[in-house]
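Asker: Starting off with a structure, shown below.
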Amino acid sequence: MSAQLIDGKRIAADLRQSLAEEVAQLHEEAGLHIGLDVILVGQDPASEVYVRNKVKACGNVGITSNVHHLPENVSQNELLALIQRLNADPMVTGILVQLPLPENISEAEVIAAVSPRKDVDGFHETNIGRLMIGDMIFAPCTPFGIMRMLEESGVKIKGKQAVVVGAGNVGKPIAIMLMQAWATVTICHAETRDLAEHTRRADILVVAVGRPRMITGDMIKPGAAVIDVGINRLPDGKLCGDVDFDSARETASWISPVPGGVGPMTVAMLLFNTVESAKRQAGID
């Protein structure tokens, strides 16, 4: 058996196309302006690439984007003042603070400063809290994208055993979302004993730990759906996920590749959230 690919690149492309059509219609019929402002602090190469990709994706669907590139030594007060200006600007319908931030700046305080109405990254405590109680406004983009991937691929969630490996900013929200879709969810983390004992029970396995190829085919239940969130660069420069793709695809029924899986979906769901934010602020259902 060789697993069917969960092609995040294709699913994301389809979503971007539908968003482009919706954005054009909203502009023509309602005069709606949709704008995403991105704050980038410092010169982190990976962050700069991520921001360029997000700006390009915005342009492809008709969303106006603006990047505020601040120096590494910017003070926290200066950063918070910028966020408050963007919160008050009606032309800004979504705000994204690119992480990580320099050590002298509190990420928690910065995220909390973004208006929940414009928090298209879905990390504000209000949005996380509403996700927890099942009254979602904006979900974090990567977990939101994973749910879309499973749905578009026809993977049944209700009544299934789901195992999430990784209890970070992806693992915790995706566990909540899977539970709300009526899966029975187990969360594993660095202190979990006998990890394979848990992963072999999973009908749906989501891995987000940042450790290259730590999940191998013999740790996967035959027929499972495997979502690999990890993206790791090997010494030879090649990228790989947290799942050993070659062995896993011989056991699983569905598997997401790295690259071309979760990454494109994260950006697509950021665009989706930005459009929804603009519609909510304009009172459009």
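Taken together, the values in this text are just the output of simple stated rules run on the coordinates, not laboratory data. From a predicted model like this one, the values you see are computed outputs, not experimental measurements. A quick note on method: Cβ atoms are made from the backbone with ideal geometry, for glycine too, and the neighbour counts reach across all protein chains shown.
Asker: Looking at region 1-111 from every direction and averaging, what is the projected area of its Cα convex hull in nm²?
Answerer: For region 1-111, the mean projected area of the Cα convex hull comes to 9.4 nm².
Asker: Could you tell me the relative contact order of region 141-263? Use alpha-carbon pairs under 8 Å, at least six residues apart, and round to a whole percent.
Answerer: Reported relative contact order: 22 percent.
Asker: Toward the positive end of the charge dipole of the chain, about the Cα centre and with charges on Cβ (Lys, Arg +1; Asp, Glu -1), which of Gly94, Ser277, Ile174 goes farthest?
Answerer: Highest projection toward the positive end goes to Ile174.
Asker: Mind checking the full-extension length gain between Val55 and Ala30? Use 0.36 nm per residue of separation minus the Cα-Cα distance, one decimal, nm.
Answerer: 6.6 nm
Asker: Related question: With all pairs of different alpha carbon atoms counted, what Kirkwood hydrodynamic radius in Å does region 68-167 show?
Answerer: When all Cα pairs of region 68-167 are included, the Kirkwood radius is 15.6 Å.
Asker: Over the chain, what number does the Rg to Rh ratio reach, with both radii from the alpha-carbon atoms and Rh per Kirkwood?
Answerer: 0.98
Asker: How big is D, in µm² s⁻¹, for region 215-255 by Stokes-Einstein at 4 °C and 1.567 mPa s if Rh is the Kirkwood radius over C-alpha pairs?
Answerer: The estimated diffusion coefficient comes to 124 µm²/s.
Asker: Take peptides 97-106, 135-144 and line them up by average Cβ neighbours within 10 Å, highest first, as a rough protection proxy.
Answerer: 135-144, 97-106
Asker: If you put +1 on each Lys and Arg Cβ and -1 on each Asp and Glu Cβ, how big is the dipole of region 32-116 around its Cα centre, in Debye rounded to 20?
Answerer: 400
Asker: Using a simple spin-label model with points 7 Å from Cα along the Cα→Cβ vector, what separation in nm is obtained for Asp285 and His189?
Answerer: Computed distance between label sites Asp285 and His189 equals 4.1 nm.
Asker: Just name one of Leu40, Ala81, Gly59: the one whose Cα is farthest towards the positive end of the charge dipole of region 32-116 (beta-carbon charges, Lys/Arg +1, Asp/Glu -1).
Answerer: Farthest along the dipole direction, towards plus: Gly59.
Asker: Hey, what number do you get for the chain at 222 nm if only DSSP H runs of n ≥ 4 count, each worth -39500 (n - 2.57), divided across all residues, to the nearest 500?
Answerer: Using -39500 (n - 2.57) per qualifying helix, the result is -13000 deg cm²/dmol.
Asker: Given R₀ = 22 Å, FRET efficiency for Glu103-Glu78 by Cβ-Cβ distance, to 0.05?
Answerer: After rounding to 0.05, the efficiency reads 0.85.
Asker: Which percent of Cα pairs goes in each bin when the distances of region 141-263 are cut into 5 angstrom slices starting at zero?
Answerer: The percentages, shortest bin first, are 2, 13, 24, 27, 21, 9, 2, 1, 0.
Asker: Relative contact order for the chain: what percent, with Cα pairs under 8 Å and sequence separation of 6 or more?
Answerer: Across the chain, relative contact order equals 23 percent.
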